[in-house]
Amino acid sequence: MAFLTVDCFSEVLHMSVNLNVILPQNINIINPVNGGQFKPPYPVLYLLHGYNGDHTVWARRTSVERYAADKSIIVIMPGAHLSFYSDMEIGFRYWTYISEELPRICKDLFPNMTDDPEMTFAAGLSMGGYGALKLALAFPERFRAAASLSGAVDVASLAERIREEAKGEPNAFGPVYGNRQIRGSRDDLFELAELAAQKGGKLPKLYQWCGKQDFLYQDNIRLRDFLREKGFDLTFEEADGDHQWKYWDAGIERVLEWIQLCLKEKP
């Protein structure tokens, strides 16, 4: 496997952007450290960071490169700052960048990357777990599956709590959503899941994990129950744990194994 740091330009954001990329390397000395004889086109996983993170944090805080070494998959780790993977009220159009422009950039830079929706995945932690599910629910025709680890999956409720605690002072959600209504909008996972289910087409497979002591646990339970009610193929796992990297390191290894199982199943 190769590990790349990519600096490129985003026309949507009008600025340079950064990516870390784990890329299969076709070599003849086969071992689980360096990879092996992988045949393109390669499946792709868009792996999204959480709040306070950046494009480097998955590689710095977990062993994701090692976990991916014996798997024929490209892992794209972009940066989205504090945007909640949304087109911000005061800021930049990060949702448009992540959902529309980034796949085009990556396909240009990595021609061995698949453009087959049945081989395209998203995953993330916390804010990134929200972003990953948002991608798959907003574009079920473009993603085979998506996974969330300790996801901030109910941003409407989370924003209400943060706004109440801020008591009128500037808060984390101000630049992202301003004063607009989140519930029932295209930034609401519950709304996106409802719309995807109503379309009647093929729904993405979904995976959720959350620690039972996590401050986002009840939000995850509400989304779990809603997704099951709407007929999604959902794998939900929980365990003792709160909101920290030792759980996400173990979690991303499980997610990569889950993706391999998805790829072995017939579409």
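The values are calculated or read from the model by the stated rules, or taken from the named source; none is laboratory data. Computed from a predicted model, the values in this text were never measured in an experiment. Here the Cβ is made from the backbone with ideal geometry for all residues, glycine too, and neighbour counts use every protein chain on show. Just so you know, the surface numbers come from the protein's heavy atoms only, side chains and all, with ligands and any DNA or RNA stripped out. Shrake-Rupley method; radii C 1.70, N 1.55, O 1.52, S 1.80 Å.
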message: Give the aspartates and glutamates whose C-alpha is closer than 20 Å to that of residue 39, dropping any in the same chain fewer than 8 places away, or say none.
response: 65, 70, 108, 115, 116, 118, 257, 265
field: Neighbour net charge for residue 21 - beta-carbon separation under 12 angstrom, K R +1, D E -1
entry: -2
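For residue 112 and residue 254, what is the calculated FRET efficiency with R₀ set at 30 Å and r taken between the beta-carbons, to the nearest 0.05? Show your work: numbers first, answer last.
Working: r = 26 Å, r/R0 = 0.87.
So the FRET efficiency works out to roughly 0.70.
Any idea of the accessible area per residue across the chain, 1.4 Å probe, to the nearest Å²? Please report the intermediate quantities before stating the final value.
Values: 12060 Å² over 267 residues.
Result: 45 Å² of accessible area for each residue.
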statement: Calc'd 3J(HN,Hα), segment 76-88, phi into Karplus 6.51 cos²θ - 1.76 cosθ + 1.60 (θ = phi - 60°), Hz, glycine/Pro = x, comes to 9, 10, x, x, 9, 6, 9, 7, 6, 6, 10, 6, 6
query: By how many nm would the segment from residue 238 to residue 141 grow when fully extended, if each residue of separation counts as 0.36 nm and the alpha-carbon distance is taken off?
result: 32.1 nm
Dipole of the chain [Lys/Arg +1, Asp/Glu -1 at C-beta], most positive-end residue of 96, 129, 112: 112
- request: Run the quick spin-label model on residue 169 and residue 2: label points 7 Å from Cα toward the beta carbon, then report their separation in nm to one decimal.
  value: 4.9 nm
- request: Multiply the residue separation of residue 63 and residue 202 by 0.36 nm, subtract the distance between their alpha-carbon atoms, and state the gained length in nm to one decimal.
  value: 46.8 nm
- request: Starting from 0 in steps of 10 Å, tell me what percent of the Cα-Cα pairs of segment 52-164 lands in each bin.
  value: 13, 44, 35, 8, 1
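Sort segment 125-267 into rounded, prolate or oblate with this rule: let a ≥ b ≥ c be the square roots of the eigenvalues of the Cα gyration tensor; rounded if a/c is under 1.5, and if a/c is not under 1.5, prolate when a/b is larger than b/c, oblate otherwise.
oblate
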field: Whole-Hz ³J(HN,Hα) from phi, Karplus 6.51 cos²θ - 1.76 cosθ + 1.60, for segment 168-177, glycine and proline x
entry: x, 7, x, 9, 4, 8, x, x, 7, 10
- request: Provide the per-residue ³J(HN,Hα) series for segment 113-128, in order, calculated from phi with Karplus coefficients 6.51, -1.76, 1.60 and θ = phi - 60°, each as a whole number of Hz, with x at glycine and proline positions.
  value: 6, 5, 10, 8, x, 6, 10, 10, 9, 9, 7, x, 10, 6, 4, x
